[in-house]
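Derivation of every value follows stated rules applied to the coordinates shown; laboratory data play no part. Here the structure is a predicted model, which is why all the values come from computation and not from measurement. Please note: Cβ atoms are built from the backbone with ideal geometry, for glycine as well, and neighbour counts cover all protein chains shown.
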Amino acid sequence: MAAMESRMQSHIEAIANAMPDPIFVMGEDGTYLDVIGGQERSLYADGHPLIGKNYFDVLPEKMAERFTKVVKKAIASGQLQEIEYQLADTEVAGIEPVSTTEGQWYEARVYPLNSDAYQQPAAIWLAINITQRKHMEEQIEQLSSRDPLTDLYNRDFFLEIVDEELSKARLNQRPLSLAKINLDCFKRITDAYGHEIGDKAILTAAHAISHVIADLGYIGRLSCDQFMIVLPDIKAVDAFRITKLAQETISAQTIALTDSDTTCLTSHAGVTELREESDDSQMLFKRVNKAIKGLDGTREVIKIQ
């Protein structure tokens, strides 16, 4: 009987240690009491050197504080706790890193351990590497928020940004401006030379605007030849100068229409700003569209409304 129990115990330990994902047995004070599994070295460093050490010995302080709170809450409540976090192997003292890249993403499920095997309150911390899933989520988010041609924000996501920045501006009583740039003769270029040349014109304009705006604000492509820019903390008079510079940068670019024919892009633009507490995104859009109305084909004209 004893031999059978011993073999069974060995089988259980072998199965547990063969688990690809690691289970950390954590004391209430954040001490690593045991490490089980975690054999998949492409995803996890060997955690066994951590046994006997405390979170505060091996992790950045804020991360150690966060982890300790989770363990204590699991033990005190007797309920499952879940946490997502990003952590690089190089941030953990005392282990041999398997990756020197930016922090990997993990999902941990923390549950109180109903056993006195460790002679103190403890919880198990099952860590699962979800970095690949996070990257896929980021790609999906990128696709849902970006214009596929220019990589600028698409209309729907840009409108969300405007609403968010308007709320911040009103709350903090800070200025905010909105600018719109329309390309001249885009339809004529596309009709005469095809959509490939049209796309080249759009990309040229998008790159020019992005170069000028940089970190000053956010750029959205509203339609085929219309761009809008929200500029937090910037008054209309300064937004006018920035938008004018963007127009000049656009017109400085040359587009090859054929092997022997080239053209320069021109644009017209409108600018408005947050004026009243009651101003919402629709009011700003209405004003900036009013500013730009009637300027089509005027080449390099810009107006504040």
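Structural remarks
- Spin-label model, residue 289 to residue 199: label points 7 Å out along the Cα-to-beta-carbon direction sit 2.9 nm apart.
- Taking all Cα pairs closer than 8 Å and separated by 6 or more residues, the relative contact order of the chain comes to 13 percent.
- In order through segment 74-82: 3J(HN,Hα) via Karplus (6.51 cos²θ - 1.76 cosθ + 1.60), integer Hz, x for Gly, Pro: 4, 5, 5, 8, x, 10, 5, 10, 10
- Convex hull volume per residue, computed on the Cα atoms of the chain, equals 199 Å³.
- Segment 128-200: C-alpha gyration tensor shape, a/c 1.5 cut-off, then a/b vs b/c: oblate
- Eligible lysines near residue 72 by straight Cα distance, threshold 20 Å, same-chain separation 8 or greater: 53, 62
- Mean shadow area of segment 146-304, taken as a quarter of the surface of its Cα convex hull (nm²): 8.7 nm²
- In terms of distances greater than 23 angstrom between alpha carbons, the cross-link table entries 168/290; 244/286; 187/290; 235/293; 73/168; 73/134 yield 168/290; 73/168; 73/134.
- Think of it as helices only: each DSSP H run of n ≥ 4 in the chain is worth -39500 (n - 2.57), and spread over all residues that comes to -13000 deg cm²/dmol at 222 nm.
- Near-label residues of segment 151-175 by backbone N, under 12 Å of a point 7 Å along Cα→Cβ of residue 277: 170-171, 173
- Between residue 139 and residue 28, the simple label model (points 7 Å from Cα in the Cβ direction) yields a spacing of 4.6 nm.
- On full extension, the segment bounded by residue 151 and residue 88 gains 19.8 nm, given 0.36 nm per residue less the C-alpha separation.
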